[in-house]
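Asker: First, the structure itself, so that you have it in front of you.
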Amino acid sequence: MQSKFLSITVLRCPNCGNDLDGLSTDIVFFCNECGRCQVYGDELVPVEIEFTRFDDSGTILLPFWKVDATVEIFRRISRGESRTTPIAGQRKFQEGKPDHVESSKESRRELIIFPAFSTSLVLSTGVMLHEEEFLQEFLQFGKYPPIIGGSVGLEDVSKIAEGVAVGIEVQRSDYLAFIDLNIEVHSLKVLAIGCTPKKHAFRINGTDIKIPFTAVEDANDILNRGGYNV
């Protein structure tokens, strides 16, 4: 007869001993006392954190993963020139044009950023963030603003980053038919990005990118923790 033992992890910052607060689905935690970030897997693991686009007026800091990776494209096939039909809005091959064009292999370094909180738009948001530049802001010790925790753990980061990389290829100006790629993650960190709740969406400060409340699983809890009454 085998016995099973439950493992209990105390949600306390390993660095300073402060209690770590979060939502019921959180596995990414931020310590408001010392400013360290911890991610839970089998145990609490420290992860580097950066702050950006912070603005005191109505800002909620939401966590995103920032992944430094090499994207290696083994095979990429695009379709010939096509047009959009007014009825179906779908791309169709034009007659007299070659159907497929295969590109040579390619390897490039990318910074891939996507939400670390639960949202149905994690991939499309990551694609939209691809062209944005987020410069680190240094905050004074002891003046860390509250940061909402995240529910996307370390074991999911590589797969989601790979999905975002595919989405970036789809967004290119040609008409993608097939893609075979792989990513090699060199480093990752949590990026705390200032977002402002406006018109039923979280707008990422300094951009036109919005994540609708309806797409965020814990939107009401996030708004309540940010001081918004819902």
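Only the coordinates and a few stated rules stand behind these numbers; no lab work does. Only a predicted model underlies this, so the values are computations on that prediction, with no experimental measurement involved. Positions of Cβ are backbone-derived with ideal geometry, glycine not excepted, and every protein chain shown enters the neighbour counts.
Asker: What is the calculated FRET efficiency for S173 to E106, with r their C-beta to C-beta distance and R₀ = 22 Å, to the nearest 0.05? Before the final figure, lay out each step's value.
Answerer: Values: r = 16 Å, r/R0 = 0.71.
For R0 = 22 Å, the calculated efficiency reads 0.90.
Asker: Taking the simple approach of a point 7 Å from Cα along Cα-to-Cβ for both D208 and E132, what is their distance in nm?
Answerer: Each label point is offset 7 Å from its Cα along the Cβ direction, giving 1.4 nm.
Asker: Next up: Which whole-number percent is the relative contact order of the range 28-225 (Cα, under 8 Å, 6+ apart)?
Answerer: Details: 405 pairs, mean separation 68.7, N = 198.
Contact order relative to length: 35 percent.
Asker: What's log10 of I(q)/I(0) for the range 28-225 at q = 0.12, 0.17, 0.18 Å⁻¹, Debye sum over Cα points only, no solvent?
Answerer: -0.67, -1.13, -1.22
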